[in-house]
Each structure stands twice: as C-alpha cells, then as structure tokens.
Amino acid sequence: MSTERIRFRRDSAPYRPIPELEEMRRRFEEDILRPLMRAAPFRPSPELNDLRRRFEEEIVRPVTQAIYGRIPEEQKGWAPAIEVIEKGDSFVVKFELPGVNEEDIDVSVSGDTLTVTGERKMESGIEGDNYERSEITYGKFYREVALPAEVDTKNPAAVYQDGILRITLQRSGAKPKKVNVQVKKSTG
C-alpha cells in the first residue's frame with residue numbers, strides 16, 4: 001500500500017462543484033468579504049451591520065434549516081440537565097425542568113433505566129413574531145438515564161418543586177456487601 005497522500009483539487013476527478021454552493025461562495029466573496037476588506041476594523045458601521053444581517057439571512061439560516069430538517073423528529077427536542085446521586089441503598093436523580101408544568105411530565109422505570117419525558121410549552125397569547133429575543137428552548141424532551149444498578153420499580157418517589165424534579169429509587173435485590181481481602185506475602 002502506498003504512503004503517498006491523496007490531494008483533492010478542483011481539477012481532480014473526485015471534485016464535482018455544486019452549482020448552488022459555488023454561487024453562494026461567489027456571492028459571499030462579492031457581497032461580504034470585499035466590503036469588509038474596505039471597512040474600518042474597529043469602528044462599527046451601518047454597512048457592516050447590514051452585511052452581518054444579510055450573511056445571517058442568506059447563508060447561516062438556510063444551511064442551519066437544511067441540517068435541522070434532516071434530524072429525526074424524536075431527536076429534535078431538548079434534554080434537561082440531570083444529577084445522579086447514590087445515597088446508601090438508593091439513588092436520587094434530579095432533573096432541571098424550569099417552566100414545565102407538572103402534568104406535562106411522565107416518569108417510568110424499568111430495570112436499571114429511568115426515563116423522563118415531557119414538554120415545555122410556550123406561554124399562551126404570545127406570538128412568535130412578538131419575541132425580540134428568546135433563548136429558552138420549548139417543545140418535547142426525552143431523557144433516559146442508565147443507573148449503576150437495578151432499582152425497585154414498585155415504589156419510586158417523585159417530587160417536583162421549584163423547577164426541579166427529584167426522583168428517589170431504592171436498589172432492588174441484594175445489597176452490595178463489603179468483602180475483606182487478605183493479603184499473603186509470597187515466599188520465593
């Protein structure tokens with residue numbers, strides 16, 4: 001096998017230009033890069049702000065939407081932050097769910113897996129166009145947590161307070177037991 005590196009160039013066989021991308025590159029160079037080269041680097045200008053806005057509208061948004069459109073629906077949600085704490089013979093799992101209504105949360109336990117699903121809904125009466133800025137993620141969420149050991153599925157305890165869902169699960173079956181190990185010196 002040859003150790004020679006393969007180089008891809010525009011004139012080599014594997015490269016096939018995509019007309020839409022070539023057009024986007026050309027427009028980017030003409031409309032954004034050239035004016036930026038002439039702009040003063042440390043002075044904000046309306047032209048620079050306009051170029052940033054156009055770049056966002058014409059390049060970033062379409063590419064982001066194209067990528068986002070290929071993600072399966074069940075993976076498009078958001079995932080809440082969690083903590084898993086082991087306390088003796090039980091596990092405490094905390095989910096950070098601010099703004100989620102209690103009736104929109106479903107908890108299920110099977111073997112050593114805890115699953116929490118739900119939805120954070122937007123406030124009613126506010127249209128999407130009325131937002132000046134929104135960094136809060138809305139929609140359905142799904143979170144599956146593998147616990148370090150099997151748990152008792154008959155009586156999990158769940159408390160939802162101040163945006164934190166706290167689930168306490170007891171270990172099932174035999175509890176871990178400490179074993180003393182004797183160390184013998186080898187003769188030899």
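Table for the structure above
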item: Charge tally in the Cβ shell below 14 Å around N155, where Lys, Arg are +1 and Asp, Glu are -1, N155 excluded; result: 0
item: Solvent-accessible area of T137 with every protein chain in place, 1.4 Å probe, in Å² to the nearest 10; result: 70
item: Sequence ranges 85-96, 19-30, ranked by mean other-Cβ count within 10 angstrom, highest first; result: 85-96, 19-30
item: Point-to-point label distance, D152-E57, nm (Cα→Cβ direction, 7 Å offset); result: 6.2
item: Rounded FRET efficiency, nearest 0.05, which uses the C-beta distance separating I136 from S172 and R0 of 35 Å; result: 0.40
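The values are calculated or read from the model by the stated rules, or taken from the named source; none is laboratory data. Given the structure is predicted, the values throughout are model-derived calculations rather than measurements. Every residue, glycine as well, gets a Cβ built from its backbone with ideal geometry; the counts of neighbours run over all protein chains shown. Only protein heavy atoms, including side chains, enter the accessible area calculation; ligands, DNA and RNA are left aside. Shrake-Rupley method; radii C 1.70, N 1.55, O 1.52, S 1.80 Å.
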